[in-house]
Amino acid sequence: MSNDRAALVRLLMIGRELKRRFPWRPMQRDDGSVTPQQMAYDSEADIVGYGGAAGGGKTDLMAGLAILKHERTLIVRREKAQTEGIVQRIGEILESTTGYNSQKSIWKIPDRGLVEFGGLDNLGDERRFQGRAHDLKAIDEATECREAQVRFIIGWNRTSNPKIKPKVLMTFNPPTTAEGRWVISFFAPWLDKKHPMYPVAAGELRYAAMLPDGNGGAKDVWLERGDSFVMIDGVIAYEFNPADYTPEQIIKPKSRTFIPARVTDNHYYMATDYMSTLQALPEPLRSQMLYGDFQAGIEDDAFQLIPTEWVEAAQARWKELSPKPEMDSLGVDVARGGKDMTILAPRHGNWYDRLKKHAGTATPDGPIVAGLCVAAVRDGAPIHIDVIGVGSSPYDFLNNMGIQVVGVNVAEKAIATDKTGRLRFMNLRSQLHWQLREDLDPANNTGIALPPDSALLAALTAPRWRLRGAEIQVESRDEIIARIGRSPDELSAIILARMDTPKVAVLRAINRRKTTEYDPYA
């Protein structure tokens, strides 16, 4: 009997030690097949997207990776207060809160690692993490976060420990607002049906590199392979002599993957009534949360200026034209510094050509912007340029060159009403935005066609509006930046291109005809 008791004590001690060393493990299936959570836990991708539906075990995955696989972890959400649920779950797994400092939001887990918790409540909050290395950056509910802030934070995903592979984990459900759409393009081969790589199997790796876009900026370029390469005359070259290039010139793409998970993958939730809770949700939220349907309707804000559906319809109408119709207007929004873009929008009737985009760093002064305008304008079309701030310099250069240029101060008083004639506008900016909305309204049947550009879609669906008495006020540029983390430069260029100013050549022809036809004796 004493031997049995001793054996039992030894088993209990072994179990206690195993629990201490491995307090958590990914969900398992009875048939031995790999669960989505296990797949994400073991993934070798540099950036892992996980979730897509409610109940897939996203919080547990973050906690498990932080506790068992990484030394320094940063877990962020849109609001810092929202990380409290993750803190509580880590405490449940460890059966202790030893080492947690609630004032500093830092958890020094004994004999393991360090976990920091933060929020991205306001623009600029991301800079608090600048230069601070973490080998796991976990962005919870990424669709609620601003893309620019997320990209900034993951720039310091690194470690000096060769035994640890740095990883970025983004957990999210399908976006319920237009602001969250950026994750669809970020994981496009898995989520965007229009992407040339779609569909890619769950857990498969694809590679992306940030490459020059030809306009002084950069963009994500998707690649089938993860080999290092260099750029030769703007073309990717995998065959090269490393001795001929500096380390900075040799580009190593980062791998990404997306792994969907649903409530049916979580046997803990399946043992409860959570499934019926999801089934009771109204559409499209039901399809989003229950099935992880990224194609289900994204709900626009009640006061979104231009409904997403209208923009998508205008982009669906667009097709390349050759030859192009006569150009009627060129809208120019000049970069205000930082990450802003100088955008040129050519308009040919109700058909808008592809936007010409230039990084703010590539357009540092008026003469350069003026030169870009001269190169882009056709058929004597007037150039409409925002002259507030930095736009005044290129306006002066163009004007001195004798080119028809119209300086637009969107802060000026509005000069029109809406189509009903009942509503006025707070300023010219609100008027121009609302008139574009009226053009895009299917009820007006204008046939407007916009180029298929995801950044343009995001910009056009960003502003909101309010009604003050009988006056329409559209959200300011600064208000939009504070909410979505980027300037809607594409929209600003489009509303300027929409302006209809008679061409000087046409006016001169009319005046000549009037002079010729004038009969003083008539």
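Most tightly packed first, judged by the mean number of other beta-carbon atoms within 10 Å of their residues, the peptides 78-84, 405-411, 168-174 read 168-174, 405-411, 78-84. Distance cut-off 27 Å, Cα to Cα: go down the list K254/K357; K69/K254; K167/K356; K80/K357; K80/K219 and report the pairs above it. Those over the limit are K167/K356; K80/K357; K80/K219. Of E116, E95, the residue with the largest accessible area leads and the full order is E95, E116 (1.4 Å probe).
Residues D386, D328, sorted by accessible area with the largest first, give D328, D386 [1.4 Å probe; ligands and nucleic acids excluded]. Near F425, the amide H atoms lying under 5 Å from its own belong to I472; only residues 5 or more places off or on other chains count, and H is placed 1.01 Å from N.
For the pair Q82 and R508, a Förster radius of 56 Å applied to the C-beta separation gives a FRET efficiency near 0.35, rounded to the nearest 0.05. According to the square roots a ≥ b ≥ c of the eigenvalues of the Cα gyration tensor, what is the shape class of the range 17-103, taking rounded for a/c under 1.5, prolate for a/b larger than b/c otherwise, and oblate for the remainder? Note, shape of the range 17-103 comes out oblate. Rolled with a 1.4 Å probe across the full set of protein chains, the surface gives I93 an accessible area near 10 Å².
Across the range 190-204, computed HN-Hα scalar couplings (Karplus, 6.51 cos²θ - 1.76 cosθ + 1.60, θ = phi - 60°) run 9, 10, 9, 5, 8, 6, x, 8, 5, x, 9, 5, 4, x, 5 Hz from first to last residue, x flagging Gly and Pro.
For the range 86-96, the Karplus equation 6.51 cos²θ - 1.76 cosθ + 1.60, evaluated at θ = phi - 60°, returns couplings of 5, 4, 5, 5, 4, x, 5, 5, 7, 6, 5 Hz by residue, with Gly and Pro reported as x. E479 contributes an accessible area of around 70 Å² to the protein surface, as traced by a 1.4 Å probe with all chains present.
With θ set to phi - 60°, apply the Karplus curve 6.51 cos²θ - 1.76 cosθ + 1.60 along the range 52-64 and write out the HN-Hα couplings as whole Hz, x wherever there is a Gly or Pro. Using θ = phi - 60°, the values come out as x, 8, 6, x, x, x, 5, 4, 4, 4, 4, 5, x Hz. The calculated 222 nm mean residue ellipticity attributable to helices in the chain amounts to -9000 deg cm²/dmol, summing -39500 (n - 2.57) over DSSP H runs of n ≥ 4 and dividing by all residues. Between E204 and A218, the contour length at 0.36 nm per residue exceeds the Cα-Cα span by 2.5 nm. Note on D244 and D478: with the Förster distance fixed at 56 Å, the Cβ-Cβ geometry gives a FRET efficiency of about 0.75. When S476, S102 are compared by accessible area at a 1.4 angstrom probe, the order from most to least is S102, S476. A crude spin-label estimate for the pair R468 and T177, with each label 7 Å from Cα along the Cβ direction, gives 2.2 nm.
The calculated FRET efficiency for the pair A416 and V235, based on their C-beta separation and a Förster distance of 51 Å, comes to about 0.55. Residues of the range 176-213 with backbone nitrogen within less than 19 Å of a virtual label 7 Å along the Cα-to-Cβ line of L281, please, listed as ranges. So the set is 176-184, 191-192.
Relative intensity of the chain on a log10 scale, I(q)/I(0) at q = 0.08, 0.09, 0.10, 0.12 Å⁻¹, equals -0.63, -0.77, -0.92, -1.22, per a Debye sum over C-alpha point scatterers of equal strength in the absence of solvent. DSSP finds beta bridges in the chain, and of those with both partners inside it, around 50 percent are antiparallel.
For the range 373-423, the solvent-accessible area works out to 54 Å² per residue, with a probe of 1.4 Å and every protein chain left in place. The range 416-481 and the range 86-134 have their alpha-carbon centroids 42 Å apart. Spin-label pair A271-A443: with each label point 7 Å from Cα along the Cα-Cβ axis, the two points sit 5.5 nm from one another.
The values are calculated or read from the model by the stated rules, or taken from the named source; none is laboratory data. Note that the structure is a prediction, hence the values are computed from the model and not measured. Ideal geometry is used to build each Cβ from the backbone, glycine not excepted, and the neighbour counts take in all protein chains shown. In case anyone asks, the SASA skips ligands and DNA or RNA and just uses the protein heavy atoms, side chains included. Shrake-Rupley method; radii C 1.70, N 1.55, O 1.52, S 1.80 Å.
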